[in-house]
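The structure under discussion appears below in the form of structure tokens.
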Amino acid sequence: MGRRLLYCGLAAGLMAGVAPVLPAYPLTVLTQALIAAMMAMSLDLLLGYTGLPSLGHAAYFGAGAYAVAILATEHQVGFAGCLVAGLVMAAVTAALFGVLAIRASGTYFLMITLALGMVLWGLAFRWVSLTKGDNGISGVARPELGLPWSMWGALPFFYFTLVGAVLVWVFLNLLVASPFGLGLEGIRDSESRMRALGYNVWLHKYLAFVMSGIVAGFAGVFWAYYNGFVSPVDMQLVTSVEALLMVALGGPGTLVGPALGAVIIVFLKNFASIYTKRWLLILGGVYIGAILFAPRGLFGALGRSRR
């Protein structure tokens, strides 16, 4: 754990040192990548450590983002209130969905989370009086934190997002290194063995599901402030699939791998979309290549080559 924290500190220090010399556009893309990394790491808690592949993770991401957008624009609530509301909304959504989804496994779990995510997407699309429908909610102002510099600048908001990403990484690392996290890995490997040892498998999986949703909602809070605009697109299936691709590409069960996958996918998506409208085909090709040549992800392949 100490070595992981050291590597995290070095990576965060490197990004913080390089950021002031980056042009505005790469800096904003890197900010997007940090937000995506938070979401990917939250999904890794389910997929990599608990063995539950989810296709509805955008629901919790969007729930946190919508809570911020509605409160900030309609009621002028400050950052602290919006953050708490975003986390609570994501937690409630994950808690309700978890009751329905956790008893299933494998493909059935995947399909249930897909259906539940699409239900929430449809709700955001149709509840026009609250969510403004497909027009979305615009005008979300950057947070005022009482600091001597404004968050409207690309560099201050990048540092703000970097702090959030580091907090997520530290929290999830402490969680997976705890007895609870080790229990999740045991459940991933063999549920029947963990039941025989006296573990409450359902409760472990349910708590992991809820905590994963809360972290995804935390990422959604940052996205709402970064983008200044929230719409049903943030809850659509493509958003969930991109998060799943980030985890698969980087390496499930590592936390560092999904963060690396998020950086690759976000930069690839931004630069590929400049030259073609069919950038989703490129992402699909990347996913197929990862499955064929690096089934354990880039980070897993790197570790295997070092051994």
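The values are calculated or read from the model by the stated rules, or taken from the named source; none is laboratory data. All values derive from a computational prediction rather than experimental measurement. Because the Cβ atoms are built from the backbone with ideal geometry, glycine has one as well, and the counts that use them run over all protein chains shown. Accessible surface areas use protein heavy atoms only, side chains included; no ligands, DNA or RNA. Shrake-Rupley method; radii C 1.70, N 1.55, O 1.52, S 1.80 Å.
So which GluC sites (Glu not before Pro) in the range 134-194 end up in coil per DSSP with only 13 or fewer other C-beta atoms within 10 Å?
Here the sparse-neighbourhood loop sites are Glu144.
State, in angstrom, two size descriptors of the range 191-258 derived from its alpha carbons: Rg to one decimal place and Dmax to the nearest whole number.
15.8, 50
Put Leu46, Leu71 in order of accessible area, largest first, 1.4 Å probe: what do you get?
Output order, biggest surface exposure first: Leu71, Leu46.
Run through every distinct alpha carbon pair of the range 182-299 and return the Kirkwood hydrodynamic radius in angstroms, one decimal place.
16.3
Determine one quarter of the surface area of the Cα convex hull of the chain, which equals its mean projected area, and express it in nm² to one decimal.
Its average projected convex-hull area is 16.5 nm².
Pulled fully out, how much extra length does the chain show between Ala95 and Val29, if you take 0.36 nm times their separation in residues and subtract their Cα-Cα distance?
20.6 nm is the gain from fully extending Ala95 to Val29.
Along the charge dipole of the chain, which of Ser212, Gly297, Leu30 sits closest to the positive end, that is, farthest toward it, with unit charges on the beta carbon of Lys, Arg, Asp and Glu (+1, +1, -1, -1)?
Result: Gly297.
Would you mind working out the accessible area per residue for the chain, using a 1.4 Å probe, and quoting it in Å²?
Result: 47 Å² of accessible area for each residue.
For the range 152-242, take N as its residue count and report Rg(C-alpha) divided by 2.2 N^0.38 Å.
Taking the Cα Rg and dividing by 2.2 N^0.38 Å, one obtains 1.40.
Let me know the charge dipole size of the chain about its Cα centre in debye, to the nearest 20, where only the beta-carbon of Lys, Arg (+1) and Asp, Glu (-1) is charged.
It works out to roughly 720 debye.
As I understand it, the dipole of the chain uses +1 on the Cβ of Lys and Arg and -1 on the Cβ of Asp and Glu, about the Cα centre. Which of Phe158, Ala40, Leu96 lies farthest toward its positive end?
Final value for the positive-end residue is Ala40.
Applying a 10 Å radius around every beta-carbon, put 11-24, 262-275 in order of their mean neighbour count, most first.
With the highest mean Cβ count within 10 Å placed first, the list reads 262-275, 11-24.
Among the lysines, select those whose C-alpha is under 19 Å from the C-alpha of Lys277, and discard any that sit fewer than 8 residues away in the same chain.
Reachable lysines: Lys269.
Not counting ligands, DNA or RNA, and with a 1.4 Å probe, what is Met89's accessible surface area in Å² rounded to the nearest 10?
90
Can you give the Rg/Rh ratio of the range 59-142, where Rg is from the C-alpha atoms and Rh is the Kirkwood radius?
1.04
When the accessible area of the chain is split by element with a 1.4 Å probe, what percent falls to carbon and sulfur?
Here it works out to 70 percent.
Rounded to the nearest 20 Debye, what is the dipole magnitude of the range 155-307 about its Cα centre when Lys and Arg each give +1 and Asp and Glu each give -1 at the C-beta?
420
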